[in-house]
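Data first, discussion second: the structure below is written as C-alpha cells.
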Amino acid sequence: MPGYAKDKKRTITRLRRVEGQVRAIEQMVESDTYCIDILTQIAASTSALKSVALTLLDDHMDHCVREAAEKGGEEADEKMQEASEAIARLVRS
C-alpha cells in the first residue's frame, strides 16, 4: 500500500484544484488577459503543486522509508537513495 493511501482522497482533491487552476490559466491566455495576472496564477498553481509534492514526499518518508529503515539492509539503502533523489528533483524544480 502506498504511503499516501491515508490521504488519497485529500491528495486527489488538491490535484483536481490544481487542474482547474491550469485550465483557468489557459482560458486567461485565450482571453488575452494581462501577462502579470497570468504569471500570478501560474505561480499560485506551481505553489499548489509543490505543496502536493511535499505532502507525498512526507508520506513516503513516514511510510516507505521508515518501514525499510526498520528492516535495514539493502532495501533501506535503496529507499534512502530514492528519497534523496526525489528531494533533489523537487529542489531543482
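Some observations on this one:
- Inside region 54-76, residues that are surrounded by fewer than 14 Cβ atoms within 10 Å (Cβ to Cβ) and within 16 Å of the chain's Cα centre (by Cα) make up a count of 3.
- Close contacts from region 46-61, counting a first residue that is within 22 Å of K79 (Cβ to Cβ) and part of a helix (DSSP H, G or I) and a second that is open to solvent by 70 Å² or more (accessible area, probe 1.4 Å) and at pLDDT below 95, with Cβ to Cβ under 6 Å and a gap of 6+ residues or different chains, come to L56/Y4; D59/Y4.
- Test: residue in region 1-14 that is open to solvent by 40 Å² or more (accessible area, probe 1.4 Å) and acidic (D, E): no
- Region 28-43 residues that are without any contact (Cβ under 8 Å) to a residue 60 or more places away in the chain, paired with ones that are small (G, A, S) and open to solvent by less than 70 Å² (accessible area, probe 1.4 Å) (beta carbon under 7 Å, 6 or more apart): Q41/A24
- Condition met for R23 (exposed (fewer than 15 other Cβ atoms within 10 Å of the Cβ), basic (K, R) and within 25 Å of A5 (Cβ to Cβ)): no
- Residue-level check: of (1) more than 14 Å from the chain's Cα centre (by Cα); (2) open to solvent by 60 Å² or more (accessible area, probe 1.4 Å), R89 misses just (1).
The values are calculated or read from the model by the stated rules, or taken from the named source; none is laboratory data. Here the structure is a predicted model, which is why all the values come from computation and not from measurement. Every residue, glycine among them, receives a Cβ derived from its backbone with ideal geometry; neighbour counts consider all protein chains shown. Heads up: the accessible areas ignore ligands, DNA and RNA and are worked out on the full protein's heavy atoms, side chains in. Shrake-Rupley method; radii C 1.70, N 1.55, O 1.52, S 1.80 Å.
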